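Working notes, structure below.
The values are calculated or read from the model by the stated rules, or taken from the named source; none is laboratory data. On a predicted model such as this, the values are computed, not experimentally measured, just so you know. Virtual Cβ from ideal backbone geometry, glycine too; neighbours counted across all protein chains shown.
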Ligand SMILES: [Ca+2]
Ligand SMILES: [Ca+2]
Ligand SMILES: [Ca+2]
Ligand SMILES: [Ca+2]
């Protein structure tokens, strides 16, 4: 074993760490090398079947980026997909909004004890009457600084497609975004009654894809943890679609401001591991120093 490890030069290890896979950011995980799901839905959706459902979470770290995919969809009535990312030491044990988009309606949400996010992302889409066109928007909030980068109409007048969130107050680099709402399978619509068909959930290939620069997440090493929930348009009434999933069988979470994920069985987050190539470089040692509260 020793010979094997020392036989890999630092240069080779760096090359491995810097090699991004050939991901096409189009809202489909097909052919992108995401590997197995990091979390699979446990409950049929309590919102709309094939409208608001989170089937599974995928991700990997490569080339200085977090590659994240969540299969399913969020309804085009400006329901929200809430995504929190825990990529560093510190962060929030209890959610306090950066002040954007009415997210303060979730203030007081208690996260799992092993999950302390620094970042909150909101994804929403629908028909904007003022603009008289469809749009797809994304907010990226740094919960430590309360800076927010927002990008409206990411795909022009389409609800789906590929686009880029340009650097803003909370981000120094582009965020690449792909969204495909074509899923018609996955979990069913019997939320609160039926457990999810996890084989069907894991078979869904389309949904949201994000590519986020690690520096914008405050990442120094170790794994990255992600939590996702489908919420109402005013952030005030959440579905049962979380990743990781809720206990079987769960219905709406309703107001997240009074929800305590630490008191709900299981992890309402999923883990994207540190790549082996980073660990080889010794960054794994750094990771040991940043254990979460
Ligand atoms: Ca893709
Ligand atoms: Ca479905
Ligand atoms: Ca943290
Ligand atoms: Ca929990």
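Taking the condition of being crowded, with 24+ Cβ neighbours inside 10 Å and not in a strand (DSSP E or B), how many residues in the range 47-89 meet it?
The qualifying residues number 3.
Yes/no matrix, rows are residues, columns are (1) under 20 Å from residue 265 (Cα atoms); (2) within 16 Å of ligand 4 (Cβ to nearest atom):
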{"position": "42", "(1), (2)": "yes, yes"}
{"position": "46", "(1), (2)": "yes, no"}
{"position": "67", "(1), (2)": "no, no"}
{"position": "73", "(1), (2)": "no, no"}
{"position": "80", "(1), (2)": "no, no"}
{"position": "111", "(1), (2)": "yes, yes"}
{"position": "115", "(1), (2)": "yes, yes"}
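Could you say whether any residue in the range 276-287 is modelled with pLDDT under 95, away from ligand 1 (no atom under 16 Å from the Cβ) and in contact with a strand residue (DSSP E or B) (Cβ under 8 Å, 6 or more places away or on another chain)?
yes
Residues of the range 256-270 being in a loop (DSSP other than H, G, I, E, B) and under 14 Å from the mean Cα position of the chain (by Cα), which ones?
268, 269, listed by residue number.
How many of the residues making up the range 221-239 are over 15 Å from the mean Cα position of the chain (by Cα) and under 12 Å from residue 61 (Cβ atoms)?
2
Quick one: residue 221 ticks every box in (1) within 16 Å of ligand 3 (Cβ to nearest atom); (2) on the phi < 0 side of the Ramachandran plot except a single one, so which number is it?
Unmet condition: (2).
Could we say that residue 222 is under 30 Å from residue 275 (Cα atoms), assigned to a loop (DSSP other than H, G, I, E, B) and modelled with pLDDT of 95 or more here?
yes
Do we find a residue being in contact with a helix residue (DSSP H, G or I) (Cβ under 8 Å, 6 or more places away or on another chain), away from ligand 2 (no atom under 16 Å from the Cβ) and at pLDDT 95 or above anywhere in the range 53-61?
Yes, there is a match, as at least one residue in the range 53-61 is in contact with a helix residue (DSSP H, G or I) (Cβ under 8 Å, 6 or more places away or on another chain), away from ligand 2 (no atom under 16 Å from the Cβ) and at pLDDT 95 or above.
Residue 192 passes all but one of (1) within 16 Å of ligand 3 (Cβ to nearest atom); (2) part of a loop (DSSP other than H, G, I, E, B); which number fails?
Single failed check for residue 192: (1).
Answer yes if at least one residue in the range 199-211 is part of a loop (DSSP other than H, G, I, E, B) and surrounded by fewer than 16 Cβ atoms within 10 Å (Cβ to Cβ), and no otherwise.
There is no residue in the range 199-211 that is part of a loop (DSSP other than H, G, I, E, B) and surrounded by fewer than 16 Cβ atoms within 10 Å (Cβ to Cβ).
Among the candidates 250, 227, which residue alone is assigned to a strand (DSSP E or B), modelled with pLDDT of 95 or more and in contact with a strand residue (DSSP E or B) (Cβ under 6 Å, 6 or more places away or on another chain)?
227
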